[in-house]
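S.K.: Handing you a structure now.
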Amino acid sequence: MRFNDSIDLGFAVAALITGTVDRSEIADWAARVIDEVEDPPTYIYAMLDIERYHGRGLHDEIGFTPTTGVNSDDEFQYLREIAVRRGKEDPDYLGGKSPVSLAAVRKAYIDNLLKINFGFDVQSLPPLYLGDASRAP
């Protein structure tokens with residue numbers, strides 16, 4: 001397993017905030033980093049107990065604001081769409097927005113980070129269905 005402190009940590013937090021992954025998946029990810037990375041950073045242990053942060057105070061624990069690797073509102077929306085496709089969130093979570101249209105290279109980048117860090121293949125998920133008959137799977 002490779003681990004880039006700022007990007008991987010920031011991406012994991014972004015995936016959690018958007019509902020793409022849940023707290024147990026974050027804890028599993030942190031445990032894998034601890035097991036597989038030689039000399040893991042000490043702050044990764046805080047991710048085992050992410051429940052206590054409730055979206056606050058993590059910066060104080062780790063000592064820096066990680067880079068998410070997610071560069072736009074559309075990319076955050078794409079993560080939210082994945083949360084819906086995974087059944088982690090209801091379609092209403094998307095706020096009535098149409099599916100985002102990201103460049104293939106950015107989608108592939110995000111999909112790859114999810115696969116590397118959380119072990120699931122976005123391409124194998126069911127398509128996004130928002131209840132509109134014209135978009136039915």
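S.K.: Below 8 Å between Cα atoms, with a sequence gap of 6+, how large is the relative contact order for the stretch 73-129 in percent?
M.R.: Relative contact order here is 42 percent.
S.K.: State whether the stretch 73-129 is rounded, prolate or oblate according to the following rule on the C-alpha gyration tensor (a ≥ b ≥ c being the square roots of its eigenvalues): a/c under 1.5 gives rounded; otherwise a/b larger than b/c gives prolate, and the remaining case gives oblate.
M.R.: Because a/c hits 1.5 or more and a/b fails to exceed b/c, the stretch 73-129 counts as oblate.
S.K.: Next question. Once you place label points 7 Å from the Cα toward the Cβ at residue 88 and residue 130, how far apart are they in nm?
M.R.: A separation of 2.0 nm, rounded to one decimal place.
S.K.: Once label points are set 7 Å from the Cα along Cα→Cβ at both residue 35 and residue 116, what is their separation, rounded to one decimal in nm?
M.R.: Each label point lies 7 Å from its Cα, and together they span 2.0 nm.
S.K.: Next question. Grab the other residues whose beta carbon is less than 13 angstrom from that of residue 31, score K and R as +1, D and E as -1, and report the net.
M.R.: Local net charge: -3.
S.K.: For a protection proxy built on the mean count of beta-carbon atoms within 10 angstrom, sort 12-19, 67-74 highest first, please.
M.R.: Result, highest mean first: 12-19, 67-74.
S.K.: Can you list the lysines whose alpha carbon sits under 17 Å from that of residue 97, skipping same-chain ones fewer than 8 residues off?
M.R.: Cross-link targets: none qualify.
S.K.: Where nothing but the Cβ of Lys and Arg (+1) and of Asp and Glu (-1) is charged, how large is the charge dipole of the stretch 73-129 around its Cα centre, in debye to the nearest 20?
M.R.: Rounded to the nearest 20 debye, it is 160 debye.
S.K.: Oh, and also: All other residues with a Cβ under 13 Å from the Cβ of residue 124 taken together, and with Lys, Arg as +1 and Asp, Glu as -1, what is their net charge?
M.R.: +1
Throughout, read-outs are computed from the coordinates displayed, never taken from laboratory work. In this text the structure is predicted, and so the values were computed from the model without any measurement. FYI the Cβ positions are ideal-geometry reconstructions off the backbone, even for glycines, and counts take in every protein chain you see.
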